[in-house]
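Step one of this worksheet: look at the structure below.
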Amino acid sequence: DAKTTQPPSMDCAEGRAANLPCNHSTISGNEYVYWYRQIHSQGPQYIIHGLKNNETNEMASLIITEDRKSSTLILPHATLRDTAVYYCIVRAPGGSARQLTFGSGTQLTVLP
Amino acid sequence: DGGITQSPKYLFRKEGQNVTLSCEQNLNHDAMYWYRQDPGQGLRLIYYSQIVNDFQKGDIAEGYSVSREKKESFPLTVTSAQKNPTAFYLCASQPQGRTEAFFGQGTRLTVV
């Protein structure tokens with residue numbers, strides 16, 4: 001799996017959009033970008049994934065640059081419950097979760 | 001609601017005792033996984049199972065055992081042979097052909 005780089009921490013005001021960046025300059029043509037988050041003392045939660053087109057679901061939007069070397073996860077209206085560590089990972093389709101690893105991620109703190 | 005249920009959320013064990021952590025899923029996923037997460041560290045794979053009645057050791061299987069008698073259930077036993085069992089244990093499942101994994105809420109085991 002390609003390596004990713006994320007800022008260690010970010011703050012966001014409640015109600016504002018949280019934009020979490022991720023660099024993955026060595027991504028291969030068939031690799032997807034996945035985002036998970038882990039709230040303190042809970043299990044990781046899958047958020048969204050994408051290949052090259054922008055994706056949106058009920059939780060977030062994922063914007064992938066045209067060259068696919070970076071992406072941004074957007075939480076449109078952050079709440080206090082969105083405070084968590086956010087992990088960006090790059091994986092080939094169908095990859096087994098036995099190879100799943102999380103880096104250090106970005107600690108997002110939503111401030112009241 | 002479909003999901004993965006781990007129980008108990010908190011578990012205390014005396015040294016020298018075996019203890020079993022429960023993991024149940026109603027997502028109809030074939031593959032299930034057990035990970036260990038220590039403070040500030042990523043996931044480490046203990047055991048995984050791709051189908052019923054079959055399971056494989058992960059990277060840190062020593063001192064642990066599992067069974068997979070039913071598709072829905074993948075219990076993990078932490079034996080007295082595990083030298084440092086105090087940790088946060090995560091169970092996950094994965095749908096066939098998909099890369100995203102779905103996690104339980106975790107069990108925090110403390111040896112006293």
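The values are calculated or read from the model by the stated rules, or taken from the named source; none is laboratory data. This is a predicted model, so every value here is computed, not measured. Reconstructed Cβ throughout: ideal geometry from the backbone, glycine too, with neighbour counts over all protein chains shown. The protein model used for the area step is the full one, side chains on, heavy atoms only, and it has no ligands, DNA or RNA in it. Shrake-Rupley method; radii C 1.70, N 1.55, O 1.52, S 1.80 Å.
Of the solvent-accessible surface of segment A:1-49, computed with a 1.4 Å probe and all protein chains present, 45% belongs to carbon and sulfur.
Over all Cα atoms in chain B, the spread is summed up by Rg and Dmax: 13.2, 41 Å.
Can you give the accessible area buried between chains B and A, summed over both chains, with a 1.4 Å probe, in Å² to the nearest 100? Walk me through the intermediate numbers first.
On the way: alone 6380 and 6450 Å², together 11200 Å².
The summed interface area works out to 1600 Å².
Size descriptor for the protein assembly as shown, Kirkwood hydrodynamic radius: 18.2 Å (Cα pairs only, one decimal).
The tail of the calculated P(r) for chain A beyond 24 Å holds 18 percent of all Cα-Cα pairs.
Taking a straight Cα-Cα cut-off under 28 Å and skipping sequence neighbours fewer than 8 places away in the same chain, the lysines within cross-link reach of A:Lys52 are A:Lys3, A:Lys69.
Among the cysteines of the protein assembly as shown, those with no neighbouring cysteine Cβ under 4.7 Å are A:Cys12. Ranked from largest, the principal axis spans of the Cα set of segment B:6-62 equal 33, 22, 22 Å. Largest GNM mean-square fluctuation among A:Arg68, A:Arg98, A:Arg81, using chain A with Cα springs under 10 Å: A:Arg98. Straight-distance candidates among the lysines for linking to B:Lys83, with alpha-carbon spacing under 25 Å and chain neighbours fewer than 8 residues away dropped: B:Lys9, B:Lys14, B:Lys57. If you run the Gaussian network model on chain B, springs between alpha carbon atoms under 10 Å, then out of B:Phe12, B:Phe74, B:Phe55 the most flexible one is B:Phe12. Put a plus charge on the Cβ of each Lys and Arg, a minus charge on the Cβ of each Asp and Glu, and nothing anywhere else: the dipole of the protein assembly as shown about its Cα centre is then about 440 debye. The calculated FRET efficiency for B:Glu15 paired with B:Asp59, based on their beta-carbon distance and R0 = 41 Å, is about 0.95.
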